[in-house]
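What follows is a set of notes on a single structure, which appears directly below.
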Amino acid sequence: MNRLILNKIILALSTLSAFVGIGFLFWILATLTYKGISSIQLSTFTNDLVEGGIRNLLVGQFMMALLATVVAVPLGVMAGIYLREYGGEKRMTMVIRNLSDIMTSAPSIVIGVFVFAFLVEPFGTFNGWAGSVALAIMMLPIIIGTTDNMLALVPKELREAGIALGGSKHKIVLQIVLKAAKVGVTTGILLSFARIIGETAPLLFTSANNQFFTMDMSGQFPSLTVSIYNLATYPDEASRELAWAASFILTAIVLFINLVGRFVTRNKH
Amino acid sequence: MTKETANPIMEVKDLFFTYPNAPEPTLKGNNLTIYENKITAMIGPSGCGKSTLLRAMNRIHDLYAGCKYEGEINLRNLENNKMENTLNLKKENQLIGLRQKVGMIFQKPTPFPMSIYDNVAYGLRLKGIKSKSELDGRVEKALKEAAIWKEAKERLGHSAMGLSGGQQQRLCIARSVALKPEVLLFDEPTSALDPISTGAIEELISELKKDVTVVIVTHNMQQASRLSDYTTFMYLGDIIEFGNTEKIFLSPEQKLTEDYITGRFG
Ligand SMILES: Nc1ncnc2c1ncn2[C@@H]1O[C@H](COP(=O)(O)OP(=O)(O)OP(=O)(O)O)[C@@H](O)[C@H]1O
Ligand SMILES: [Mg+2]
């Protein structure tokens with residue numbers, strides 16, 4: 001067969017596939033935007049779930065996600081620093097690095113079940129703390145991985161130059177190497193945040209849901225994602241409209257965080 | 001060249017050096033004397049151990065665990081004029097002290113991701129200098145000594161990453177000079193630079209020798225002969241010949257040295 005014809009066929013096929021993919025994506029986004037925006041009212045933001053709004057859900061979701069971030073960022077960054085700067089080529093380093101990579105793709109429902117067994121069952125109630133911990137566990141491997149990889153991109157000469165000026169290793173790592181990798185590490189943190197802010201499975205068995213506004217994390221805790229999951233199954237029109245509105249807002253938030261992440265990297269490289 | 005007054009500042013004695021997990025030593029019993037306020041060039045084919053020897057002289061190898069030294073690398077203590085073996089230093093702050101006395105410039109410029117001012121002030125701050133006026137003074141002096149003050153003075157607060165390669169290299173020299181080291185080790189400092197920047201750095205190095213002792217690794221024979229007072233030729237981990245640069249280049253004693261200098265191999 002003629003090579004040119006084969007070339008054309010493959011080009012046509014791949015173009016078609018690209019359009020199918022993009023087509024579905026636009027379909028989803030368009031439906032979401034249309035249904036979402038038409039369901040949003042001012043009261044959507046000012047009311048809690050009991051009154052047909054998502055105020056408590058937004059607050060709850062962000063509280064759990066921010067708490068998870070506060071825990072996961074220092075732990076993850078320090079673990080990444082350990083792996084790259086102190087772990088060397090020891091077998092233990094390799095094991096931790098690989099385990100962390102595997103954790104990145106662990107099904108989130110499994111993490112939810114794990115936290116359920118440790119932080120829900122023993123206390124006899126779903127609670128916000130457990131939800132936060134589940135989210136933090138999801139963030140950790142992403143942050144460890146990016147920190148590790150971004151530090152690896154810093155040339156070893158930079159470390160040596162710092163040492164040659166009379167620096168101690170930990171000062172050079174914290175003041176120079178980490179600084180040189182700052183943009184990449186920050187992006188990793190943002191992306192891990194974008195990842196968990198839209199997660200349902202880790203919260204389903206941990207924080208469960210709450211119709212009311214609450215700041216008490218020791219009880220059932222409200223979140224957008226779990227509520228969307230619940231609302232979508234309710235028979236009444238109002239619930240489903242609220243689910244659309246919540247989905248749209250959630251998508252917008254995730255998109256926004258991703259864009260910020262990209263913007264930060266683009267500006268610096 | 002005033003050979004009579006040449007005064008040893010460093011002495012490498014029977015030095016064996018082995019990289020982590022390497023089956024045999026890379027440096028095989030090196031002996032070398034470095035004279036104060038002179039420029040010593042190290043030449044030799046790729047892989048002969050020039051960088052390895054240079055990096056032993058401020059123990060930068062120790063950044064990586066598992067390096068083995070045998071022998072002595074003595075540095076003269078300027079307070080009591082006694083030679084002290086730097087291989088006996090064990091603690092991290094002793095090594096820090098050594099590196100403040102024996103600085104190093106690398107092949108690729110290594111500006112830190114911070115402002116020009118902070119780059120130069122960094123080592124000073126590590127040394128514990130906090131006073132703003134003292135820092136200002138020493139940063140300015142170092143930048144002047146490294147011949148980059150003119151280009152840098154208007155943009156001290158700007159990121160050092162915005163400088164050209166040659167300017168970055170001079171900034172790195174300024175950074176080391178600011179610590180008032182006794183010895184400066186240069187590992188092919190111009191091989192990543194264009195001829196004009198190279199000229200500027202060479203001029204700078206010959207100026208520096210008033211205040212510091214210089215050891216420079218280079219692949220450029222002209223650079224070695226233009227710049228240095230002494231030259232040492234290395235081959236396969238051995239020091240084959242050491243002597244006055246003129247002598248090494250005009251009438252070397254070893255056949256190997258002659259072959260290398262005349263470009264017959266390497
Ligand atoms: N980290 C290391 N681990 C093991 N062996 C090394 C290491 N670094 C260098 N070597 C080996 O030591 C020998 C000397 O290397 P070195 O870098 O000192 O050579 P060089 O004379 O500086 O060469 P060049 O002119 O190419 O820079 C080489 O055979 C090299 O393969
Ligand atoms: Mg080298």
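Laboratory data are not the source of any read-out in this text; all were calculated from the coordinates shown. Computed from a prediction, not measured in an experiment: that's the story for all the values here. Neighbour counts are summed over all protein chains in view; Cβ atoms, including those assigned to glycine, are modelled from backbone coordinates with ideal geometry.
Worth a mention:
- Range of Cα positions in the protein assembly as shown per principal axis (Å), largest first: 101, 70, 52
- Neighbouring Cβ atoms from other chains, within 10 Å of the Cβ of residues in A:151-164, number 6 on average.
- Rounded FRET efficiency, nearest 0.05, which uses the C-beta distance separating A:T125 from B:R155 and R0 of 41 Å: 0.10
- Inter-chain Cβ neighbour count for B:102-113, averaged per residue, equals 5 (cutoff 10 Å, partner chain atoms only).
- Per-residue average of Cβ from other chains inside 10 Å of B:122-132: 3
- Within the shell of other residues whose beta carbon sits under 15 angstrom from the beta carbon of A:I142, the net charge comes to -1, with Lys and Arg scored +1 and Asp and Glu -1.
- Square roots of five times the Cα gyration tensor eigenvalues for chain B, Å: 30, 22, 18
- Alpha carbon centroid spacing (whole Å) that separates region A:177-250 from region B:67-121: 53
- Virtual spin-label span in nm between A:T233 and B:K127, 7 Å along Cα→Cβ: 7.0
- Euclidean distance between Cα centres, region B:169-240 to region B:1-52, Å: 14
- Over region B:1-99: Rg over Rh, Cα atoms, Kirkwood Rh: 0.98
- Candidate cross-link partners of B:K91 among the lysines, defined by an alpha-carbon separation under 24 Å and a same-chain spacing of 8 or more, comprise A:K90, A:K156, A:K169, A:K171, B:K13, B:K68, B:K82, B:K101, B:K127, B:K180.
- Chain B: calculated mean residue ellipticity at 222 nm from DSSP helix runs of at least 4, using -39500 (n - 2.57): -10000 deg cm²/dmol
- Environment charge of B:A65, counting only residues whose C-beta is closer than 12 Å and scoring Lys/Arg +1, Asp/Glu -1: +1
- Percentage, to the nearest whole number, of Cα pairs in chain A over 28 Å apart: 49
- Dividing the mean sequence gap of close Cα pairs (under 8 Å, 6+ apart) by how many residues chain B holds gives a relative contact order of 26 percent.
- Near B:M42, the amide H atoms lying under 5 Å from its own belong to B:I216, B:V217, B:T218, B:T232; only residues 5 or more places off or on other chains count, and H is placed 1.01 Å from N.
- Membrane-span-like helices in chain A (whole DSSP H runs, Cα extent of at least 18 Å along the helix axis, mean Kyte-Doolittle hydropathy of at least -1.0): A:3-39, A:55-81, A:91-104, A:128-152, A:182-197, A:237-268.
- MRE, 222 nm, helices only [DSSP H, n ≥ 4, -39500 (n - 2.57), over chain A, to nearest 500]: -23000 deg cm²/dmol
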